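The structure appears below as structure tokens.
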Amino acid sequence: MNIFDILGPVMIGPSSSHTAGAVRIGRVANKLMNGIDPERVEIILSGSFAETYRGHGTDRALLAGVMGYRTFSPEIRDAFDIAAARHIDYEFRKENIKGAHPNTAQIWFRMKDGTEGMVQGASVGGGNILVNKINGMDVAFTGDNNTVLVMHKDTPGVIAAVTNLIHWNYQDLNIANFHLSREKKGGNAIMAIEVDTVPPEKLIDELKGLEHVINAMLIRRV
Amino acid sequence: MLSYESIEELVAAATEAGCSISELVLKDQAAEMESTELEIYEKMELDYEVMKNSVRMGQDKNQRSMSGLTGGEGYKMRAYATENGGLCGSFLSGAIARALAVAGCNASMGRIVAAPTAGSCGILPGCLISLEEERGIDPKKIVMSMFTAGAFGMVTAFRSSIAGASGGCQAECGTASAMAAAALTEVMGGTPKQCADAFSIAMGNQLGLVCDPVAGLVEIPCIKRNVSGLVIAFSSADMVLAGIFSEIPADECLDAMREVGDAMPAALKETACGGFATTPTGERLKKQVFGERKED
């Protein structure tokens with residue numbers, strides 16, 4: 001924690017958890033889409049998000065985040081109009097996601113080329129978030145650090161290959177947090193690796209070149 | 001490096017170094033964030049500029065909240081304060097107008113600095129901007145004092161809480177008010193120990209304050225609680241500068257705040273299940289905002 005966690009963030013009101021945190025969850029989806037507008041986005045609001053989203057602008061905030069805006073962007077207020085102008089088909093649904101944190105949103109997106117994806121995140125207070133699912137798989141990262149996501153096949157040696165590559169090619173890159181999950185044995189798996197500094201873009205290409213790695217991406221601090 | 005685990009640590013280190021708490025914290029935070037002191041100072045200066053813009057936006061005659069439940073408080077209070085100063089006098093009435101304006105700006109999806117939270121964002125700007133605009137105090141001194149306020153907030157987050165959901169309103173407006181009291185004391189020439197005392201007094205005056213937002217929105221009673229927090233900050237700083245001290249040390253005060261927050265029922269911690277939120281009028285206002293949309 002530093003002083004600007006207390007005197008900050010600079011944000012569009014009214015609520016750090018229901019507005020600023022919502023923007024940041026949306027931004028994780030934006031990063032997953034490489035900053036490209038989706039054709040369609042469906043956003044599920046759960047718990048307190050479902051109860052009070054209108055008065056807090058949680059819906060606008062999530063949509064603004066999906067479009068790449070920041071917690072301090074005045075465009076959040078006009079997110080619906082902006083999405084319409086950008087030809088993004090959007091829909092909000094209220095649904096109780098079992099066992100989820102009270103301030104949880106699920107963002108399902110479809111790109112123009114037909115690829116689909118999803119993010120589930122919780123706004124855990126003071127604008128801080130916890131991302132718990134990516135494309136249906138469990139993850140756990142906060143968005144406070146830069147996070148490297150590696151989608152891969154669940155096979156012995158992949159973790160060693162990834163961490164070795166990071167260590168041998170970028171000695172200064174320190175791993176702050178590591179989380180692994182898989183759909184089933186031998187199926188799709190995902191590593192969420194939070195690092196202390198900004199990793200070079202080249203790292204992502206190098207990771208993609210590893211055997212059994214399906215995709216890799218960098219989610220910068222949101 | 002400072003641990004920000006106790007206010008005693010901050011006071012002792014500043015007293016020993018013969019400097020203000022803000023100077024100590026600026027140096028420490030620059031090292032922590034691997035930046036220069038100037039860069040960190042300028043970042044804080046930007047926060048202060050955002051606060052001034054929030055006052056401007058919130059004092060607009062047509063300011064209305066997203067829900068439509070509140071609006072125009074900053075404008076009305078500004079007009080009243082300018083006219084004859086009211087009971088509080090033009091200085092305090094003007095400060096109240098600023099706190100209302102920033103809290104109103106927040107409720108209408110304007111840009112604010114969470115200080116420490118969005119719900120309590122009007123207190124610190126209301127106090128500090130008034131010192132510059134009404135008393136002509138050097139803004140550099142004011143920006144510096146925000147490092148003292150922030151450091152006390154960091155200790156609060158560590159020892160207790162700054163979230164209404166875990167500590168009630170005492171953790172949000174209470175903390176903001178106590179932080180502001182410390183900053184005001186430093187700007188007006190108080191010692192590090194006096195900053196801590198002003199912090200304790202302000203916090204002590206708000207122990208037990210519940211978080212009971214009508215319809216779960218950051219409006220009723222949040223906007224007006226920014227005003228009570230501001231008034232308590234000024235009175236606490238003035239008491240200390242008059243030579244009155246706090247019998248209870250700041251760290252013990254924070255531990256007490258945590259204990260009170262833990263003892264508070266969940267209904268009174270930002271769940272909108274008690275207090276103002278469940279009064280007949282509170283329920284009616286909730287229906288007015290969300291009622292007809294419940295089925296969709």
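The values are calculated or read from the model by the stated rules, or taken from the named source; none is laboratory data. As the structure is a prediction and not an experimental result, all values here were calculated from the model. Cβ: placed from backbone, ideal geometry, glycine included. Neighbour counts: every protein chain shown.
Worth a mention:
- Complete set of residues in the stretch B:10-40 that are within 19 Å of B:A180 (Cα to Cα) and away from chain A (no Cβ under 14 Å): B:V11, B:A14, B:S20
- Options A:V124, A:V119: the member that is touching a residue at least 12 places away in the same chain (Cβ under 8 Å), more than 20 Å from B:F290 (Cβ to Cβ), surrounded by 24 or more Cβ atoms within 10 Å (Cβ to Cβ) and of a type outside the set (S, T, Y): A:V119
- Residue in the stretch B:190-243 that is nearest to the other protein chains (Cβ to nearest Cβ), counting only those that are modelled with pLDDT of 95 or more and at positive phi: B:G208
- 3 or more residues acidic (D, E): qualifying helices (runs of 4 or more DSSP H) within the stretch B:98-188: B:123-135
- Pairs where the first residue, in the stretch A:83-105, is within 19 Å of A:V124 (Cα to Cα) and the second is among the aromatic types (F, W, Y) and not in a strand (DSSP E or B), C-beta under 6 Å, 6+ apart: A:N103/A:F49; A:A105/A:F49
The rows are residues; the columns are (1) in a helix (DSSP H, G or I); (2) surrounded by fewer than 22 Cβ atoms within 10 Å (Cβ to Cβ).
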position	(1), (2)
B:C195	yes, no
B:Q206	no, no
B:I223	yes, no
B:S228	yes, yes
B:V240	yes, no
B:L254	yes, no
B:R258	yes, yes
B:C273	no, yes
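- For the stretch B:35-49, the condition holds for at least one residue, the condition being that it is in contact (Cβ under 8 Å) with a residue 24 or more places away in the chain and in contact with a strand residue (DSSP E or B) (Cβ under 8 Å, 6 or more places away or on another chain).
- For B:G94, the conditions (1) away from chain A (no Cβ under 14 Å); (2) on the phi > 0 side of the Ramachandran plot all hold with the exception of (2).
- Scanning the stretch B:280-296 for residues that are at pLDDT 95 or above and in contact with an Asp or Glu (Cβ under 9 Å, 6 or more places away or on another chain) yields a single hit, B:G282.
A quick yes/no check of all residues on (1) within 20 Å of the chain's Cα centre (by Cα); (2) under 22 Å from A:T115 (Cβ atoms); (3) β-branched (V, I, T):
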residue: A:L149; (1), (2), (3): yes, yes, no
residue: A:I159; (1), (2), (3): no, no, yes
residue: A:M191; (1), (2), (3): yes, yes, no
residue: A:G209; (1), (2), (3): no, yes, no
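- Selection within the stretch A:125-163 - among the hydrophobic types (A, V, I, L, M, F, W, C), assigned to a strand (DSSP E or B) and touching a His at 6+ places or on another chain (Cβ under 9 Å): A:L130, A:V139, A:A140, A:F141
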